[in-house]
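Down below is the structure, laid out as structure tokens.
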Amino acid sequence: MGEQSLVLALQRQVAALQEQLEHNELIFNHIYNGACVVDANGIVTHFNEPYGLFIGVDPREQIGKHITEVVENTRLHIVARMGKAEINVTQRIKGQDMVVQRIPIVKDGEVIGVFGQVTFTDVRDLGRLVQRLSLLESKVRLYEQELSSLRSTRYTLDSLKGSSPAMDRLKAEARRVAQGLMPVLISGESGTGKELFAQGIHQSSPRRMKPFVRLNCAAIPKDLFESELFGYAKGAFTGARAQGKPGKFELAHGGTIFLDEIGEMPLEMQPKLLRVLEEKEIERLGGTRVTKADFRLIAATNRDLELLIDQGLFRQDLYYRLNVIPLHIPPLRERPEDIMDLALSFLADLGRDSGADYYLDDSARRLLLAHPWPGNGRELFNVLERAVSTVTGNRIGAGDLPLYLHNNKPRPATGGGLNLRQRMDEAEKQALAEALGAAKGNKARAARMLGIHRTLLYKKLAKYGMSPELVDM
């Protein structure tokens, strides 16, 4: 019984080995294109059906032959002797240049065979593949150029009109800061083009091909602020998307996030923003996973953040974190040289939309130059847009402009009269002069008398062009 059991066990082992051999042979025959194996002497030990079909031989009959008798121009026997692999090299077979692999098989430090495979049926297939990849790369470059070109028509610093010294200095400064990663705080009255400067900085930066994500802090309901900025996880709250939602910081990864009207951000959200700025990490609302965030922050405001700090409405630590690189855009009334540049640019844009070539006569130019533009560039565009919609022909005269320009009064929709603005400015200038006089030129003392920070005093002196010879004491 013992001997019989041993025989049965051996038979089972032989059957298992036979099945494994058939299985391996089946796999070998399914290798794409041609494959073969030779031993250390170049004798064929394996030859698959696709290879036999290609060169027109019976694969089984090639076993035991030297590889040079089977495949022309082969080097498998040489690789077996040298032990050095040859990857993606050409070999001419049946009048066609093939791409082949020749890989030594090593056991215990000795070459016991070589695996050879035809990677492409024809080297021309590889050429066509390379050509296709080259074409795709060219298309990608073309699309990137077109995308950059489309963006540049509106958002580059070069597209921002204005030839005043103040605007030239501002654009030069913006170009310098565009190359860095530090936060930028753009201040200026409504309508001065803060977002356009933000877009211009992004387009001039190494991040220009990455996202530019905008969030208007004044337009977001207080209870939605956190989910808008940081996103939310699956099932974070009733009504949430089943798959969750990425926040603005996630969407801006690798690019720039622009927070407009930053002065309107709720006080309770400000420490969370500060943490993200300092740690560059984000956690979705209702989530548990913290992810790294790569972004450049640009913020903008038309409010006096230092005054908001005094009023307890804005965190001082966040202000210092945002105000690393301050850029202040002067109002249009302080740079009258830019009025015509902007007006002509706006008319060109409006003309492209309507197919007309609009121009301003001398009377219209005088009227535009005389107006103080409390609404800045946005008001100027609205005035010209209305004129274009009502004018007959393409010549715009003074009679085609709104009546309030003739009366030198701002339109009621701006929220106040020009005289009120002028009187407020004059009152502020007088208060500054009186405080400096009473403080005998001591800026720190004058700032305390006015109840403002000394840096705000400097800013207001610059705003009104007041540069007396003062010293700090």
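The values are calculated or read from the model by the stated rules, or taken from the named source; none is laboratory data. Remember, it's a predicted structure, so these values are computed and weren't measured experimentally. In this analysis, Cβ positions are derived from the backbone assuming ideal geometry, glycine residues included, and neighbour counts consider all displayed protein chains. Quick note on the areas: whole protein, heavy atoms, side chains included, nothing else; ligands and nucleic acids left out. Shrake-Rupley method; radii C 1.70, N 1.55, O 1.52, S 1.80 Å.
Computing the accessible area with a 1.4 Å probe over protein heavy atoms, can you report the carbon and sulfur percentage for region 359-400?
Of the solvent-accessible surface of region 359-400, carbon and sulfur hold 48 percent.
R0 = 41 Å: FRET efficiency of residue 294 with residue 33, Cβ-based, nearest 0.05?
Efficiency for this residue pair is about 0.40.
For a quick check: with amide H placed at 1.01 Å from N, whose amide H comes under 5 Å from residue 34's, ignoring anything fewer than 5 positions away on the same chain?
Those qualifying (amide H under 5 Å, at least 5 residues apart or on another chain) are 118.
Per-residue HN-Hα couplings for region 253-263, Karplus 6.51 cos²θ - 1.76 cosθ + 1.60 at θ = phi - 60°, whole Hz, x for Gly and Pro?
Result, rounded to whole Hz: 4, x, x, 10, 10, 10, 9, 7, 6, 4, x.
Label residue 55 and residue 172 with points 7 Å out from Cα along Cα→Cβ: what is the distance between them in nm?
So the two model labels end up 7.4 nm from each other.
In Å², and per residue, what accessible area does region 198-290 have when probed at 1.4 Å with the other protein chains present?
Result: 47 Å² of accessible area for each residue.
For the ranges 19-32, 266-279, what's the packing order if you count other beta-carbon atoms within 10 Å of each residue, average per peptide, and put the highest first?
Packing proxy ranking, top to bottom: 266-279, 19-32.
From the convex hull of the Cα coordinates of region 23-92, what is the mean projected area in square nanometres?
Directional mean of the projected Cα hull area for region 23-92 stands at 4.8 nm².
Return the distance in nm (one decimal) between the two label points of a simple spin-label model at residue 234 and residue 158, each offset 7 Å from Cα along Cα→Cβ.
4.8 nm
With viscosity set to 0.692 mPa s at 37 °C, what whole-number translational diffusion coefficient in µm²/s follows for region 284-364 from Stokes-Einstein and a Kirkwood radius over Cα pairs?
For these conditions, the coefficient is 184 µm²/s.
With a 1.4 Å probe and all protein chains in place, put 406, 371, 66 in order of accessible area, largest first.
Descending order: 406, 66, 371.
Label points 7 Å out from Cα along the Cβ direction at residue 90 and residue 310: separation in nm?
Label at residue 90, label at residue 310, 8.0 nm between them.
Using the Cα gyration tensor of region 247-299, with a ≥ b ≥ c the square roots of its eigenvalues, what is the shape: rounded (a/c below 1.5), prolate (a/b larger than b/c) or oblate (neither)?
oblate
Quick one: what are the phi-derived ³J(HN,Hα) couplings along region 354-371, Karplus 6.51/-1.76/1.60 with θ = phi - 60°, whole Hz, x for glycine and proline?
Working through the residues one at a time gives 9, x, 10, 10, 7, 8, 9, 7, 4, 5, 5, 4, 4, 5, 5, 5, 7, 7 Hz.
Under the 0.36 nm per residue contour assumption, what length would be gained going from the current alpha-carbon distance of residue 23 and residue 363 to full extension?
That works out to 113.0 nm of additional length.
Using modelled amide H (1.01 Å from N, peptide plane; none on Pro or chain starts), what sits under 5 Å from the amide H of residue 296, excluding residues fewer than 5 places away?
Under 5 Å from the amide H of residue 296 lie the amide H atoms of 255, 256, 257, each far enough along the sequence or on another chain.
What are the ³J(HN,Hα) couplings of region 453-458, residue after residue, when phi is run through the Karplus curve with 6.51, -1.76, 1.60 and θ = phi - 60°? Round to Hz, x for glycine and proline.
5, 5, 5, 5, 4, 4
Could you give the length gained on full extension between residue 459 and residue 8, defined as 0.36 nm per residue of separation minus the Cα-Cα distance, in nm?
152.3 nm
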